[in-house]
Structures are given as C-alpha cells and as structure tokens.
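S.K.: Next up is a structure, given as structure tokens.
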Amino acid sequence: PAHGLNGPQNWRGMSRRVSSAELAAHATNESCWIVIHGDVYDVTDFHHPGGNDRLFERGGRDASAAFDAIGHSMHATKHMQALRVGQLAPSPDAAAASTSHLPPAPAAPRLTHADLPAAASASLDRAEGGGIAASSGRPPPTVPPAR
C-alpha cells in the first residue's frame with residue numbers, strides 16, 4: 001500500500017482524493033486499485049482468500065457491488081484500512097451537473113439588538129458587560145413563564 005504523502009492521509013491529515021483518471025491507471029496486476037463505497041484501495045499485494053483474480057478483474061473500477069454480494073467478515077473490513085489509498089474524487093462533470101440546477105444560497109440575515117426580543121437583548125447586554133440596569137437605571141424586563 002501507498003504511504004507518506006501518497007498514503008491514506010496527506011501531510012495536513014486530510015483524506016487523499018483520487019481522480020477517476022488516476023484510478024484507471026491502476027488497473028493491472030502490477031498496480032491494482034479498486035473502489036469500495038467511495039474509498040480507493042491498493043490491493044496489488046493483498047492475497048485474497050478467493051484468489052487475486054477476483055480483485056484484478058475489477059482493477060481501476062468500482063467493486064462495491066461485488067464486495068457487498070460476498071459478505072465479508074469484520075476482520076476483512078478492518079484489514080482494508082491498511083490498504084486504503086484515499087477517497088474517489090467526484091468527476092468534474094458529475095459535480096457540475098449535481099449543483100448547476102440549484103439557485104445560489106441566500107445570504108444569512110444579519111441580526112441586530114433591535115431584532116431580538118427584549119429579554120434576549122437584556123441577556124446579551126449583560127453578557128457584554130453593560131446591561132439594561134447599568135445603562136438605563138431600570139431593572140431588566142422579566143419574561144413571562146412558558147405555558
């Protein structure tokens with residue numbers, strides 16, 4: 001499996017992104033990467049109990065359906081982490097298509113003290129070190145109990 005900057009985590013601790021083109025370049029018996037549920041695994045040197053042909057015939061492609069159809073043990077699933085290269089990056093076309101129909105998100109409204117109920121504003125003033133009592137000489141308003 002790959003290690004260092006090309007391993008499961010780059011120097012910033014973020015998961016490495018593997019493009020579809022890079023994945024496709026690892027579709028041989030000499031370098032075999034597969035995808036299972038979005039994660040990319042280097043299975044080149046892994047000895048599969050069912051035979052490595054099962055892995056090599058899926059090299060450079062998504063093997064999620066085949067993996068799920070067999071039903072693997074927890075031991076196998078834990079062992080896979082040592083083989084993990086990173087995450088399959090979404091293709092640029094898929095990413096653009098999935099968001100191009102959406103309108104831009106509205107900007108969040110900016111609230112001021114005037115937008116807050118009196119009791120919340122008084123609490124905020126007290127938290128900031130002022131307070132209604134300190135600034136106006138009046139006690140803070142009371143909040144009626146919830147019903």
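S.K.: Can you tell me which residues in the stretch 10-68 are over 18 Å from Ala89 (Cα atoms) and among the acidic types (Asp, Glu)?
M.R.: Of everything in the stretch 10-68, those that are over 18 Å from Ala89 (Cα atoms) and among the acidic types (Asp, Glu) turn out to be Glu30, Asp45, Asp53, Glu57, Asp68.
S.K.: Which residues, counting only those in the stretch 45-65, are among the polar types (S, T, N, Q) and open to solvent by 20 Å² or more (accessible area, probe 1.4 Å)?
M.R.: Asn52
S.K.: Take the stretch 27-43 and flag every residue that is under 26 Å from the mean Cα position of the chain (by Cα) and either within 17 Å of Ala82 (Cβ to Cβ) or open to solvent by 60 Å² or more (accessible area, probe 1.4 Å) (or both).
M.R.: Matches in the stretch 27-43: Cys32, Trp33, Ile34, Val35, Ile36, His37, Asp39, Val40, Tyr41, Asp42, Val43.
The values are calculated or read from the model by the stated rules, or taken from the named source; none is laboratory data. All values reported here derive from a predicted model rather than from experimental measurement. Positions of Cβ are backbone-derived with ideal geometry, glycine not excepted, and every protein chain shown enters the neighbour counts. Only protein heavy atoms, including side chains, enter the accessible area calculation; ligands, DNA and RNA are left aside. Shrake-Rupley method; radii C 1.70, N 1.55, O 1.52, S 1.80 Å.
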